Structures are given as C-alpha cells and as structure tokens.
C-alpha cells in the first residue's frame, strides 16, 4: 500500500510540472529587402548594379516595380543585396507575358554573375538551375502567361565539403510548394557574389520584378 501511495504522489508531481514547449525554429534573418515603394520613377535604385539592359522603376497596377523593356531581345541582369557565399536564400516575384509562340525567360540568381540562376524557360516548359551560363538541372514547369511567378533559390553547405543548390517556383495565386522542386549537388564551394535577377524578353513584352528579398538560411 505504501508503495502504491508513493507512486501516486510521484505521478501527481509530474502532472503539476509546467509544460516546457519545444524551442521554436528561428525565423530566417532578412539581409536585404526591396519592394521599390520609395524608389524614384524612371531610374534604378542606387544600390543596384545593372549588368546590361534598360531597367527602370515603373508603375504597374498602382504600385512600383522594376521593369525591363521588351526590346532588345537578349539576356539582361541586375545585381543587388549583400555579397554572400552560402547559407542564404533569394526570393522575388516576376511578371511576364507571351506573344504568339514566343515567351520570355526570367529568374533569380545567387553568387554573382557566374553563380547559380533559377530560371523559368517557357519555351522548354521547364524550371532550370543554371551554373554560369550552362543549364545544370531541369524539371517540368507549366508557366502561366500574364501572371506573377514566385521564385526561391538557396545555396547551403551540407558538411564534408558538399553543397546543395535548391529552387522552387509557383504562380503567385497558388500555394507555395512545401518541398524544393529542383536541386543541384556541388562538391566545390560557391564563389562569393551578390544576388541577382535576370530577364530575356523574347516575346517582345516587358518583364517586371518586385518584392526582392535575401534571407539567411
């Protein structure tokens, strides 16, 4: 009987102890953010480095965006944000329209001009990771003309001299995919460089960029 009473007392003490919650996962730290709300029209923000192209801040649907005109037909890019190596994620939303059988190509990048790029290529119905100018990974992707496409691209170190590049893209009006849609394994460290946005207006219509963000991972 004494043993039973002792057991009951121990259980009672356990039930009275306060519940200690599991530590919450820390939110990513924002390293850079721009929605162009305070940017001057018809100019490029002073902290941006235009590699090529007539980028300029324009108004669209009542808000400011960074716009790349529909001509000439080439590939153009802009660098922004902090110089990083790994452990970061760049995100943006990008708008483009097709014209007949022609469609633009656009996306985001990390690690500078020769680093990694996550691009939608409607002509190939694919989402691709580029290393420099070479497509290194590809998955099917159904792009919607005349819609905003959301992008996320991150580079992280796995340990043991290995790195992983991961990306996802989705229509703004739809849910964000829970899993990364495309990835690339690397065995050499990424180079230092700034995040970027890229556009190729092959359809002859403008490409618009908004809500640029760089976070730690």
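The values are calculated or read from the model by the stated rules, or taken from the named source; none is laboratory data. These numbers come from a predicted model, not from an experiment. Backbone-built Cβ (ideal geometry, glycine too); neighbour counts: all protein chains shown.
Below, the figures for the structure above:
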{"read-out": "Meets criteria (more than 17 Å from residue 146 (Cα to Cα), touching a strand residue (DSSP E or B) at 6+ places or on another chain (Cβ under 9 Å) and either at pLDDT 95 or above or in a strand (DSSP E or B) (or both)) for residue 36", "value": "yes"}
{"read-out": "Some residue of region 51-60 being free of Cβ contacts under 8 Å to residues at least 40 places away in the same chain, farther than 21 Å from residue 133 by Cβ and in a loop (DSSP other than H, G, I, E, B)", "value": "yes"}
{"read-out": "Long-range neighbours under 8 Å by Cβ, at least six apart or interchain, first residue buried (at least 17 other Cβ atoms within 10 Å of the Cβ) within region 171-195, second at pLDDT below 95 and not in a loop (DSSP other than H, G, I, E, B)", "value": "193/84; 194/84; 195/84"}
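Conditions (1) in a strand (DSSP E or B); (2) buried (at least 16 other Cβ atoms within 10 Å of the Cβ); (3) touching a strand residue (DSSP E or B) at 6+ places or on another chain (Cβ under 6 Å), marked per residue:
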{"position": "106", "(1), (2), (3)": "yes, yes, yes"}
{"position": "114", "(1), (2), (3)": "no, no, no"}
{"position": "118", "(1), (2), (3)": "yes, yes, yes"}
{"position": "127", "(1), (2), (3)": "yes, yes, yes"}
{"position": "135", "(1), (2), (3)": "yes, no, yes"}
{"position": "139", "(1), (2), (3)": "yes, no, yes"}
{"position": "143", "(1), (2), (3)": "no, yes, yes"}
{"position": "149", "(1), (2), (3)": "yes, yes, yes"}
